[in-house]
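J.: Shown below is the structure under consideration.
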Amino acid sequence: MNLSDSITSRLHKIITSGQSNATDRLNISLRLLAKWRSVLIQNTILKDSGTEVLQGPFEGLKFIKASSEGCHIAKLIGCYEQPIHQYIKEAINFKYKYVINIGCAEGYYAVGLALKMPDTVVIAHDIDEAARHSCDELALKNG
């Protein structure tokens with residue numbers, strides 16, 4: 001079953017379930033469709049541009065195909081947490097000797113900073129084993 005068929009089937013079950021009122025079923029349906037659309041956009045970006053971050057403070061970061069935390073699409077196009085980009089750029093320009101990232105998830109910030117600050121020692125940790133694995137993968141991918 002492809003993604004479209006799977007979503008259609010799930011949507012049909014939600015609408016016909018009768019387990020909640022019509023407003024709740026509509027909200028659940030709209031949330032499902034929004035997630036589906038997000039996956040379609042993400043897959044299009046991955047197909048057309050690959051996993052390299054396109055702009056922003058970590059432009060050029062060779063990213064991974066899925067994020068542990070946060071919006072993956074925003075990371076790929078370079079607008080993730082855009083309001084703090086100025087502070088990230090200031091940190092990069094300051095040339096810190098060490099950066100410690102606790103709760104690093106897949107390493108977007110840790111590896112992004114390490115890439116842009118090659119003379120800085122970046123230490124990253126997460127309690128989630130899968131996140132640590134993803135961070136290691138991202139670090140290796142970016143040298």
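J.: As an exercise: evaluate K89 against (1) surrounded by fewer than 19 Cβ atoms within 10 Å (Cβ to Cβ); (2) assigned to a helix (DSSP H, G or I); (3) among the basic types (K, R); (4) at pLDDT below 95 and give the number of the one condition it does not meet.
T.: K89 satisfies every listed condition except (4).
J.: Check P118, P83 and return the single one that is closer than 28 Å to W36 by Cα, out of contact with any Asp or Glu (no Cβ under 8 Å at 6 or more places or on another chain) and without any contact (Cβ under 8 Å) to a residue 24 or more places away in the chain.
T.: Values: P118 fails: closer than 28 Å to W36 by Cα.
After ruling out the rest, the residue left standing is P83.
J.: Return the residue satisfying two criteria in turn: it lies in segment 97-123 and is part of a helix (DSSP H, G or I) and out of contact with any Leu (no Cβ under 7 Å at 6 or more places or on another chain), and of such residues it is surrounded by the most Cβ atoms within 10 Å (Cβ to Cβ). Write out each step before concluding.
T.: First, the residues of segment 97-123 that are part of a helix (DSSP H, G or I): 108-116.
Checking which are out of contact with any Leu (no Cβ under 7 Å at 6 or more places or on another chain) leaves us with 108-110, 113-114, 116.
Working: Y108: 26, Y109: 22, A110: 23, L113: 22, A114: 22, K116: 18.
Here the answer is Y108.
J.: Follow-up. Applying the selection to segment 121-143, what residues are of a type outside the set (A, V, I, L, M, F, W, C), out of contact with any Cys (no Cβ under 9 Å at 6 or more places or on another chain) and free of Cβ contacts under 8 Å to residues at least 60 places away in the same chain?
T.: Scanning segment 121-143 gives E129, H133, D136, G143.
J.: Can you give me the number of residues within segment 64-78 that are assigned to a loop (DSSP other than H, G, I, E, B) and crowded, with 16+ Cβ neighbours inside 10 Å? Steps first, please.
T.: Our first condition is that a residue be assigned to a loop (DSSP other than H, G, I, E, B); within segment 64-78, this holds for 64-71, 78.
Among the residues that remain, those that are also crowded, with 16+ Cβ neighbours inside 10 Å are: 64, 67-68, 78.
Result for segment 64-78: 4.
J.: Any idea which residue in segment 1-57 is surrounded by the most Cβ atoms within 10 Å (Cβ to Cβ), counting only those that are among the polar types (S, T, N, Q), modelled with pLDDT of 90 or more and outside any helix (DSSP H, G or I)?
T.: This residue is T51.
J.: Could you count how many residues in segment 78-116 are of a type outside the set (F, W, Y) and either within 10 Å of the chain's Cα centre (by Cα) or under 17 Å from D126 (Cα atoms) (or both)? Talk me through it step by step, then tell me what you get.
T.: Here is the first cut: in segment 78-116, the residues of a type outside the set (F, W, Y) are 78-79, 81-86, 88-93, 95, 97, 99-107, 110-116.
Restricting the remaining residues to those that are either within 10 Å of the chain's Cα centre (by Cα) or under 17 Å from D126 (Cα atoms) (or both) gives 99-107, 110-114.
Looking only at that region, the number is 14.
J.: If you go through segment 124-143 one residue at a time, how many are of a type in the set (S, T, Y) and either in contact with a strand residue (DSSP E or B) (Cβ under 7 Å, 6 or more places away or on another chain) or exposed (fewer than 11 other Cβ atoms within 10 Å of the Cβ) (or both)?
T.: Start the filter on segment 124-143 by keeping residues that are of a type in the set (S, T, Y), which leaves 134.
Imposing the further condition that a residue be either in contact with a strand residue (DSSP E or B) (Cβ under 7 Å, 6 or more places away or on another chain) or exposed (fewer than 11 other Cβ atoms within 10 Å of the Cβ) (or both) reduces the set to none.
Result for segment 124-143: 0.
J.: A further question follows. Under 7 Å between Cβ atoms, which residue pairs at least 6 apart in sequence (or on different chains) link something in segment 24-41 that is closer than 13 Å to S6 by Cα with a partner that is among the charged types (D, E, K, R) and in a helix (DSSP H, G or I)?
T.: L32/R10
The values are calculated or read from the model by the stated rules, or taken from the named source; none is laboratory data. Because the structure is predicted, anything quoted here is derived from the model rather than measured. Cβ sites come from the backbone with ideal geometry, for glycine too, and all protein chains shown count toward neighbours.
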